[in-house]
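The values are calculated or read from the model by the stated rules, or taken from the named source; none is laboratory data. Being a predicted model, the structure only gives us computed values, none of them experimental. Positions of Cβ are generated from backbone atoms using ideal geometry, with glycine treated the same way; all protein chains shown enter the neighbour counts. Keep in mind that these areas ignore ligands, DNA and RNA; they rest on the heavy atoms of the full protein, side chains included. Shrake-Rupley method; radii C 1.70, N 1.55, O 1.52, S 1.80 Å.
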Amino acid sequence: MHCLGLNHRTASVAVRERFAVPKRCLVERNAQLAALPTVQECVLLSTCNRTELYYWTRSVAEARRDIMESFLGVEAAQEQLSACFYDYSGAEALRHLASVAAGLDSMVVGETEIFGQIKDAYRAAVEAGATATHANRTFQRIFTIGKKVRTETRITSGPTSVGAAAVLLAERSLGGLNGANVLIVGAGEIARSTAQSLHSRGAEGIFVANRSYDRAVELAEQVGGRVIRFSEWVPYLERIDIVIVSTASPVYVVGAPVLQSAQQARKARPLFLIDLSVPRNVDPQCGEVEGVHLYDIDTMQGMAAESMCVRRAEIERAEGIIAAWLEENAEDLLRRGTPEYAMHYGKIDKISEKR
């Protein structure tokens with residue numbers, strides 16, 4: 001078992017967005033990767049904070065080269081870009097996947113969305129015919145350890161998602177959400193969790209705009225909000241305090257000229273923009289418009305550091321649970337008696353010592 005990927009720790013959002021794979025494309029991309037002659041099985045995971053491929057191969061060096069060049073488009077000569085990727089094998093890859101499933105490797109430690117995203121990634125790989133014995137057994141057990149960590153620790157206390165962190169940032173920016181008008185652009189998973197967090201924090205003026213009007217209606221009903229047609233949300237900026245953008249658009253949906261016009265009507269009253277999209281949906285130049293305060297998903301990194309201090313004891317407990325799970329499962333999952341097992345299973349003790 002191997003893992004090749006990059007995440008919020010190794011690459012900026014500007015780099016991550018180059019390799020992000022939309023959910024609707026996961027089946028196709030898994031099929032393409034599984035078709036590589038050096039890849040036996042694989043599961044592709046792509047979220048706003050990471051793009052990772054878990055794969056099984058008999059030719060490690062060749063498979064890594066094929067994946068980097070054929071799928072990711074990164075040639076060995078591109079040293080600066082290649083340096084953003086990490087490469088784990090055997091027990092290291094298994095520990096990493098368990099940590100991701102448990103929310104320990106997330107930007108906001110303990111976030112809950114990643115568990116569902118891993119399940120979606122696995123289902124897409126199964127649908128693509130990219131999995132077999134190794135991937136199926138591994139991911140079924142990964143779901144077990146992910147659930148166990150969340151059940152037996154308080155790792156999910158406090159803001160546990162990018163959406164919840166964005167709401168906390170919005171609350172701090174305005175000194176409270178009472179009386180604030182918030183516009184959610186998008187109706188996907190992150191937009192949904194963000195809207196729900198806003199509602200639970202007392203925000204009453206919630207507006208939802210999405211290309212699919214029916215999905216916008218559904219989300220607005222859940223949080224007691226109002227729907228704005230996607231083509232008509234710009235004029236509403238005059239009354240909005242916070243805009244949270246999270247769509248699957250491959251291009252910017254908010255540009256500086258639009259905000260300059262809106263800010264003139266608002267008399268440069270502060271407007272907070274939080275872009276949770278990868279690729280980014282808000283043009284970085286928007287942050288240069290007078291009165292506009294722009295935050296992208298990397299801003300959540302600083303907020304994650306705050307929760308990290310509070311959750312340190314729970315993180316250590318979670319890591320202990322994962323270490324015990326590795327001791328019990330790694331030998332079986334890494335196929336005892338194979339070269340892969342012989343090379344990598346011995347790393348478990350070293351990993352445990354590091355953690």
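Assorted remarks:
- Global geometry of the range 57-135, whether rounded, prolate or oblate, following the gyration tensor of its Cα atoms and the 1.5 cut on a/c: oblate
- Computed over the chain with a Gaussian network model linking Cα atoms closer than 10 Å, the most mobile of Asn178, Asn136, Asn49 is Asn178.
- Annotation: aspartates and glutamates with alpha-carbon distance below 15 angstrom to Lys119 (same-chain offsets under eight excluded): Glu52, Glu111, Glu127, Glu189.
- Computed accessible area, His293, all protein chains, 1.4 angstrom probe, square angstrom: 80
- If R0 equals 35 Å, the separation of the Cβ atoms of Glu232 and Ala31 corresponds to a calculated FRET efficiency of about 0.35.
- Relative to its residue count, the chain spans a Cα convex hull of 135 Å³ per residue.
- Between the beta carbons of Thr144 and Ser261, assuming R0 = 51 Å, the FRET efficiency works out to 0.45 to the nearest 0.05.
- Accessible carbon and sulfur surface of the chain relative to its total accessible area, %, 1.4 Å: 48
- Spin-label model distance (nm) - Arg312 vs Asn178, 7 Å beyond Cα toward Cβ: 3.5
- Accessible area per residue for the chain, computed on protein heavy atoms with a 1.4 Å probe, is 44 Å².
- Largest mean-square fluctuation among Tyr54, Tyr252, Tyr295, in a Gaussian network model of the chain whose springs join Cα atoms under 10 Å apart, belongs to Tyr252.
- Straight-distance crosslink candidates among aspartates and glutamates, where the alpha carbon sits under 19 Å from Lys267 and sequence neighbours closer than 8 are dropped: Glu238, Asp241, Glu288, Glu290
- Among Pro270, Pro279, Pro257, residue whose mean-square fluctuation peaks in a GNM of the chain (springs only between Cα atoms under 10 Å): Pro257
- Measuring r between the beta carbons of Ser12 and Ser249 and using R0 = 25 Å, the FRET efficiency lands at 0.80.
- Solvent exposure of Val108, expressed as accessible area, is near 10 Å², computed with a probe of 1.4 Å over the protein chains only.
- Net +/- balance of residues flanking Glu152 in space, Cβ distance below 11 Å, scoring K and R +1, D and E -1: +4
- Given charges at Cβ of Lys, Arg, Asp, Glu: the chain dipole, positive-most of Ala187, His293, Met1: Ala187
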